[in-house]
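Every number here is computed from the coordinates shown, using simple stated rules; none is lab data. Small disclaimer: the values here were computed from a predicted structure and weren't measured. In this analysis, Cβ positions are derived from the backbone assuming ideal geometry, glycine residues included, and neighbour counts consider all displayed protein chains.
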Amino acid sequence: MKTFWPRFLSNPRVFLGLVWLGLLLIVAITANQLAPIDPFAIVGRPMAAPSPEFWLGTDSLGRDVMAGLIHGTRATILIAVVATLIAVGFGTFVGAVAGYYGGLIDDILMRFTEFFQTIPSFLFAIVLIAVLTPSALNLIIAIATVSWPPIARVVRGEVLTVKSREFVQAAVLAGQGDAAILLKQVLPNTLSPLIVTGSLLIATAILVESALSFLGLGAPNVMSWGFMIGAGRSFLRQAWWLVTIPGVAILLTVLAINLIGEGLNDTLNPRLSDL
Amino acid sequence: MTDVALSIQDLQVALPAWSDRQRAVAGVSLDIRREEILCIVGESGSGKSMMGKAILGLLPGPHVRAVGGQILFEGRDLLKLSAEELRAIRGCRIAMIFQEPMTALNPLMRVGQQIEEVLELHTDMTQAQRRARVLELIRDVHLPEPERMVQSYPHQLSGGQRQRIVIAMALALEPALIIADEPTTALDVTTQAQILHLIKELQRAHGTAVLFITHDFGVVAEIADRVAVMRHGEVVEQGRVSDVLEAPEADYTKALVAAVPGLKPRVIEPDAKSKVLLRVTNLEKTYRTSTGWFGAKTREVQAVKNISLDLKRESSIALVGESGSGKSTLARCIIGLESVDGGVIELDGERISGRTRAELRPLRKHIQMVFQDPYASLNPRQRVGDIIALGPTLNGVSREQALEEARELLRLVGLKPDAVDRYPHEFSGGQRQRIGIARALAVKPKLIVADEPVSALDVSVQKQVLDLLNDLRKSFGLSLLFITHDLRVAATVCEEIAIMQRGEIVEHGPTADIFAAPTHPYTRSLFDAVPGRDWISSLG
C-alpha cells in the first residue's frame, strides 16, 4: 500500500483540480497587486469588447471585468471557505455529541438537525439574508446555517461505528474522560469521510453564494462572481462576456473542487483503492 | 489417472507489486482424487485461500491473478477458460462453501428460492421437479421441517442452519468437486462438529471430491483423507492424514503440530492461604431493546442469570461457553463497561458494581482487559507508545516516565523497545496482541480479563501469546479471568473452569476434575465436539 500523497497526486484529475485551485488561491492573495484598481471604478467606455486595453472587456457602467473577476475570486473563495469551516465545525460538534452519547441526546440533536434539513436550503438562505440584511458576514452565516446538517449526519454515523471499536473501550478502561475519548480516540478516526464531505461542501457554498449575489442578496460593495453575472444578465445579447466569463470561472472552480473531492474519496476510502 | 478429480500443476498466483512477497501461490502441485477429502492446512497468509479462489477464477483481479501453471478439471485447463465457460462450471461441476454463511446468502430471498435459483440456472427441470429437489436437499442436510424451512429468510436461521443451507446449495447439482473455505470457522464448537460430520457423510454418500481449506489441525484430524500443509504459497508437506499428523516430516509441520493446544488439564498449584480477589454474587444482567412505535414493546434477553463466582488472588478461571452463553456480558459487567441489574461485584472487598462512570474511574487501574480483535483494539492513529502510556499518564505518571515504562513493557512482551514510535498497522496480529497485553499491564492491575485473546490468531502465534500471558501472570502476580470458546485453550491456561450455557454456569471446578469426569451433559457435549479429539488426546 502506497502512502497517501503519491497516490493522491498521481490521479490526473486531482492534479488538474489542484492546479486550478492553486491558481485561484494565488489570484485571491495577490488581487491588489494584479489589479491595483477598485473593481467598482469606472475606467472606460461601457460595454467595450475584450481588447488589449481591457482584456476581458468592460461592463454596462464601464467597469473593468478583469479587475472584477480578480477581486471576485477573493470574495467568493473567502466566503465559501469560511462558511464551510463554520458548517464543518458546528456539524462535527453536533454529530459527534449525538453519536457518542446516543439515547435522548441523540434523539434531540438529530430531530434538530432534521428540522434544518427539511427546509429547502436555498429558500432558507434567502430568508435568512432577507432577515439579517445582506453583508459578507451574514452571507457566511446563511450559507453555514443551511450546509451543516449533512456534516452532522456523516460524523454521527462514523462516530457510531468507531465508538464500538475495542480501542475506545480500552480508553474507557484506562480511565480517560468522555471529552478526551471523543477528541483523541474517536474523532481522528472519522476524518476521512469528513474531509471528503467538507471539500465537496465548498463547491456547494460557492454555488449558493453566487446564486444569492446573482439575486442581489450578496454583500454590497463586494465584487463577486455571482454579482457580476447578475449585473450583466440583461445585456447577454449585447455583451456576452459579462455573463460568460464569471460563469465559466464558477463552473471551473466547482468542477475542480469536485474532482479533488472525488480524488480524496478514492484515496482515503480503502475499499475503493486498488487492493 | 481416471481417479483424479482435479489436478493443480505448478500453480503461480501473483500478488500486487507493493506486497511483501511476489507470489501468493508459488508453484503448488496437487491432485484431488474422486471420493476423497483433501485438507489444505496453513496459517493466515499461506496462500491457501488464494489457491481455492484461483480454481474458480475468483481471484480479486487485476493485480492478483494466476500467472503460471495449470488447473486441470475434466480434461480442461480452468485457467484458460473464458468467463462464460467458467460460469457454467461454477456451481454446476465445482461448488464452493464460504466461511461466513450470512454473507453467502441473499438476506432478502427465502432460502428455498435461493436453492431453487441454482437449479433454474443450470438445469431444465420443471418448477414441480425443482420444488421436490429442494425439499430433498434440505432433508439431506438434516434440517428440521423442510416445508417450513424453505419459506424462511436467512436471518431467521442460526449460523449452523445457514451453513447447512449453503451446503444444500452446493450439493444441488451434484458437483464433482466442492471447495470449502474454512466453512466451520465462524461456528460454535458443537455446531462445527455437526457440520463437519455432515460434510463427511454427504461426501461419502455422493462420492464428491472435497477440497477443504482450514487453519485447524483438529478439523484436519476429524475430516481429512489426505492433507497438504502450505506455507508462504508453497506446499511444505502432503500425504495421508495419519502419516502427516502422527509422523510429520517437515520442520514447519512439526512446529504446527506441537503448537496445537492439547487436552491436558493444568494442575492447581495448591495455595490454601490465598484470599479472594474478585467476588461475584448473584449477578443479573438483562438486555432490553425497544421495538415497535415509540418503544411500546420491549424485548428482553436475560444474558446473565444469577451468577456467583470467586476468583482467588494469583489464580485463574476460564469461562468457557459458546456464542450467546453470556460469557462476554459477564466479563463486561466485571470490567465495568456494562451496568448490572442485580447482584454485587466486589474487588478486594470493595464494591465495584452500581457505581457511576466517574466513581468507577479511580478503580479502573485495578482491572484491565485484553481484547479479542487485535486489529480493532489499537487506535490506528496513535503511536504504540502513546497507546500504552495512556493509562499511566491518566493516573498521574509523567509522560516521559510512562514512555520509559512502555519501552520496558514492550521488551517484556517480546517486542523491540523502539516500537513505541511506530503505528499499529506496522505490526502483525500476534504482535498487536502483545501490544494489547502491554497496555493492560501498564497500569499494574490486579486482575486481567482476557476476552478470547487468541481466537483471532494463528495456531503457532496463539501458543506464543498464551505462553507469554502465562509467564507474565507469574511475574506480575496477576489474577486472570479468561474467556474462551475453546476447551483446549482453557485447559492450557487456567486451573479452574466454569462452563457457561444460556447465561448460567452449569459446571464449575478445577480443570483437572472437569477434564477427568465432566458431569453436566452440556460439558460432555462440548468435549465430544472438540475437533480431532482422539488425535489431540494422543498427543498427550
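Observations, loosely collected:
- Considering all C-alpha pairs of the stretch A:127-275, those separated by over 23 Å amount to 54%.
- Residue (of B:Pro510, B:Val461, B:Val449) at the positive-pole extreme of the stretch B:276-539, dipole from beta-carbon charges: B:Val449
- Whole-number percent relative contact order across the stretch B:276-539, with pairs defined as alpha carbons under 8 Å at least 6 apart: 24
- Shielding value for B:378-388 is 4, the average number of Cβ atoms from other chains within 10 Å of each residue's Cβ.
- 3J(HN,Hα) from dihedral phi, the stretch B:481-493, Karplus parametrisation 6.51/-1.76/1.60, rounded to Hz, x for glycine, proline: 10, 10, 9, 7, 9, 10, 4, 5, 5, 4, 5, 6, 9
- Taking N as the residue count of the stretch B:100-172, its C-alpha radius of gyration divided by 2.2 N^0.38 Å amounts to 0.98.
- Helix-only mean residue ellipticity at 222 nm for chain B, each DSSP H run of n ≥ 4 adding -39500 (n - 2.57), per residue, nearest 500: -11000 deg cm²/dmol
- Note on the protein assembly as shown: dipole from Cβ charges, positive end direction compared against B:Ile483, B:Ala255, A:Ile206; the farthest Cα belongs to A:Ile206.
- Taking B:Asp467, B:Asp3 and counting other C-beta atoms within 10 Å, the order from fewest to most: B:Asp3, B:Asp467
- Förster radius 60 Å - calculated FRET efficiency between B:Leu86 and A:Tyr101, Cβ distance, rounded to 0.05: 0.70
- Listed pairs A:Lys184/B:Lys365; B:Lys305/B:Lys446; A:Lys163/B:Lys53; B:Lys285/B:Lys365 exceeding 28 Å between Cα atoms: A:Lys163/B:Lys53
- Shape parameters for chain B, alpha-carbon atoms, Rg then Dmax in Å: 25.4, 77
- The charge dipole of the protein assembly as shown, taken about the Cα centre with unit charges on the Cβ atoms of Lys, Arg (+1) and Asp, Glu (-1), comes to about 1680 debye, rounded to the nearest 20.
- Kyte-Doolittle at least 1.0, axis length at least 24 Å by Cα - qualifying DSSP helices, chain A: A:12-29, A:65-101, A:136-163, A:191-214, A:241-268
- Taking 7 Å steps out from each Cα toward its Cβ at A:Leu132 and A:Leu9 produces label points 3.8 nm apart.
- Kirkwood hydrodynamic radius over Cα pairs of the stretch A:1-144, then Stokes diffusion coefficient at 25 °C and 0.890 mPa s, in µm²/s: 129
- Where both bridge residues fall in the stretch B:276-539, DSSP classifies roughly 60% of the beta bridges as antiparallel.
- Modelled FRET efficiency - R0 22 Å, B:Val301 with B:Glu120, Cβ distances, 0.05 increments: 0.05
- Within chain A, helix-based [θ] at 222 nm, where runs of 4 or more DSSP H residues each add -39,500 (n - 2.57), nearest 500: -23000 deg cm²/dmol
- Point-charge dipole on Cβ atoms (K/R +1, D/E -1) for the stretch A:4-268, about Cα centre, debye to 20: 180
- Over the stretch B:100-172, relative contact order from alpha-carbon pairs under 8 Å, at least 6 apart, %: 48
- Sorted peptide list for B:382-393, A:257-268, criterion being average Cβ within 10 angstrom, highest first: B:382-393, A:257-268
- Among A:Met66, A:Leu24, A:Leu132 - extreme Cα towards positive end, dipole of the stretch A:4-268, charges at beta-carbon: A:Met66
- Proximity of backbone amide H atoms, modeled 1.01 Å from N, is registered between B:Arg231 and B:Val236 at under 5 Å, excluding neighbours fewer than 5 places apart on the same chain.
- Taking a sphere under 15 Å around the Cβ of B:Tyr252 and counting the other residues whose Cβ falls inside, with K and R at +1 and D and E at -1, yields a net charge of -2.
- Annotation for the stretch B:1-50 versus the stretch A:64-136: alpha-carbon center distance of 56 Å.
- Pairwise FRET efficiency - B:Val276 versus B:Glu201, Cβ, R0 = 30 Å, nearest 0.05: 0.05
- The C-alpha radius of gyration of the protein assembly as shown, expressed as a fraction of 2.2 N^0.38 Å, stands at 1.17.
- Gyration tensor (alpha-carbon) shape descriptor, the stretch B:276-539, a/c threshold 1.5: oblate
- For the stretch A:57-179, relative contact order (Cα pairs under 8 Å, six or more residues apart, normalised by length) works out to 35 percent.
- Cβ-based net charge around B:Thr281, under 11 Å, with every Lys or Arg adding one and every Asp or Glu removing one: -1
- Beta bridge orientation in the protein assembly as shown: antiparallel %, DSSP, nearest 5: 55
- Burial ranking of peptide ranges B:509-516, B:72-79 (average Cβ count within 10 Å, highest at the top): B:509-516, B:72-79
- Convex hull of the stretch A:4-268 built on C-alpha atoms - directionally averaged projected area, nm²: 16.6
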